[in-house]
Amino acid sequence: MTLIETVHDLRQWRRKAGNHRVILVPTMGALHAGHTTLIEAARKMAGAHGQVAASIFVNPLQFGPNEDFERYPRDLDDDLTKCREAGADMVFAPAVKEVYHADRSIKIIETSLSTKLCGASRPGHFDGVCTVVAKLFHLFQPDDAIFGKKDFQQLAIIRRLVRDLDMPVTLHGIDTVREADGLAMSSRNRYLTPEERLQAPALRQALLAARNARQQGVTGAHRLDEIMRDYLAKHAPLGRIDYVEIADARTLEALSVVQDHGLAALAVFFNEARLIDNIEL
Ligand code: PAF
């Protein structure tokens, strides 16, 4: 497996890959089984001749001023071992100054999907995501790129980015990988205290409660919302709800009545750890 740290070397690597299929797994590092599942899926898709690349870059543009950019976990050696074991051929791990010019003045702004859910409470977050993903797609020119569905909104926005800018890349969403107790894997789970960790699976349970209610015929978003909030209040008292929402999975618009394409999504803070999860209803 090759480690590349500069744009110059990445371009050379891309030229060498030529017409072989290139599959990209963009990450911010601090890799866990959720990420290695994406790399393993890429390996299967790429076959013997395709090239599997992962990027590891904690993107400052997608963090707000009071968010965890500085203390976001970084462990390149461990990440490289995980990438190698999962079957990556190359890892791109650039420094911030390699990716962004000090006087950069261009960013990519999605103006609809990114105003809802996480975008409403993290202004500018998805501009940062779109900008870095567009740059990565531009540099790698991948045939395919793989993202996890835990970040449902992120994937929807990147699909829109690719569609609206006619980027020749096929996107694949992979199901969320979970701990045995249902907690969605996340690099931020390591911020949880033992007591918070015990309560965190309530996010998944609250979503399952909403889906069960939906399957039993409840269609009112207000009622589904209430079911999730009640569950969280009872089982995750250390959590502070950022949002709990029933939305249309295609537009991310809040719904008042759920028919098809319902999505339940939530974000909960445990002190500084902001955890998200979602379920299609
Ligand atoms: O999902 C992530 O890890 C990041 O948002 C991404 C897509 C790598 C962009 O920085």
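Taking all protein chains into account, the per residue accessible area for the range 161-206 stands at 52 Å² (1.4 Å probe).
Convert 4 °C to kelvin, take the viscosity as 1.567 mPa s, use the Kirkwood radius over C-alpha pairs of the chain as Rh, and evaluate the Stokes-Einstein diffusion coefficient in µm²/s, rounded to a whole number. Mind dumping the intermediate values first?
Values: Rh = 19.7 Å.
Once the numbers are plugged in, D ends up at 66 µm²/s.
Taking amide H positions as modeled 1.01 Å from N, with prolines and chain starts lacking one, the residues under 5 Å from G148 and 5 or more places away or on another chain are I174. If you run the Gaussian network model on the chain, springs between alpha carbon atoms under 10 Å, then out of I56, I39, I174 the most flexible one is I174.
Note down the relative contact order for the range 55-192 as a percent, whole number, built from C-alpha pairs under 8 angstrom at least six residues apart. Display every interim value, and only then the final one.
Working: 127 pairs, mean separation 32.1, N = 138.
Computed value for the range 55-192: 23 percent relative contact order.
Using the Cα centre of the range 200-281 as the reference point, and only Cβ charges (+1 on K/R, -1 on D/E), how large is the resulting charge dipole? Debye, rounded to the nearest 20. Walk me through the intermediate numbers first.
Working: 9 positive and 11 negative charges, 52 e Å.
Taking the Cα centre of the range 200-281 as origin, the dipole is about 240 debye.
By the helix-only formula, in which each DSSP H run with n ≥ 4 contributes -39500 (n - 2.57) and the sum is divided by residues, the chain has a 222 nm mean residue ellipticity of -11500 deg cm²/dmol.
Under unit Cβ charges (Lys, Arg +1; Asp, Glu -1), what dipole magnitude, rounded to 20 debye, does the chain have relative to its Cα centre? Display every interim value, and only then the final one.
On the way: 35 positive and 37 negative charges, 83 e Å.
My answer is approximately 400 debye.
Carbon and sulfur: what percent of the chain's accessible surface (1.4 Å probe)?
On the way: 6660 of 13660 Å².
Heavy-atom surface of the chain belonging to carbon and sulfur, 1.4 Å probe: 49 percent.
Measuring between alpha carbons in the structure, the pairs from K97/K150; K149/K234; K116/K149 lying more than 21 angstrom apart are K97/K150; K149/K234.
To the nearest 20 debye, what charge dipole does the range 133-192 have about its Cα centre, counting +1 at the Cβ of each Lys and Arg and -1 at the Cβ of each Asp and Glu?
Using Cβ point charges on Lys, Arg, Asp and Glu, the range 133-192 gives about 220 debye.
Skip the ligands, DNA and RNA, and give the accessible area per residue of the range 1-72 with a 1.4 Å probe, whole Å². Please report the intermediate quantities before stating the final value.
Working: 3510 Å² over 72 residues.
That works out to 49 Å² for each residue.
Please work out how much length the chain gains when fully extended from H138 to R240, using 0.36 nm per residue of separation minus the C-alpha to C-alpha distance, in nm with one decimal.
Working: separation 102, 0.36 × 102 = 36.72 nm, distance 3.85 nm.
Result for the pair: 32.9 nm of gain on full extension.
Annotation: amide H-H contacts under 5 Å for Y243 (H modelled 1.01 Å from N, sequence separation of 5 or more, or interchain): A267. Bridges between two residues of the chain, per DSSP, are antiparallel at a rate of about 50%.
In the range 189-279, taking the dipole from charged Cβ atoms about the Cα centre, the farthest positive-side position among N271, V244, G220 is held by N271. Comparing L31, L165, L266 in a Gaussian network model of the chain, where Cα atoms under 10 Å apart are tied by springs, the biggest mean-square fluctuation is seen for L165.
Among P26, P142, P65, the largest mean-square fluctuation in a Gaussian network model of the chain, built with springs joining Cα atoms closer than 10 Å, belongs to P65.
The values are calculated or read from the model by the stated rules, or taken from the named source; none is laboratory data. This structure is a prediction, so every number in the text was calculated from the model and none was measured. Heads up, the Cβs are rebuilt from the backbone with ideal geometry, glycines too, and the neighbour counts pull from every protein chain shown. To get the accessible areas, we keep the full protein, side chains included, count just its heavy atoms, and leave off ligands, DNA and RNA. Shrake-Rupley method; radii C 1.70, N 1.55, O 1.52, S 1.80 Å.
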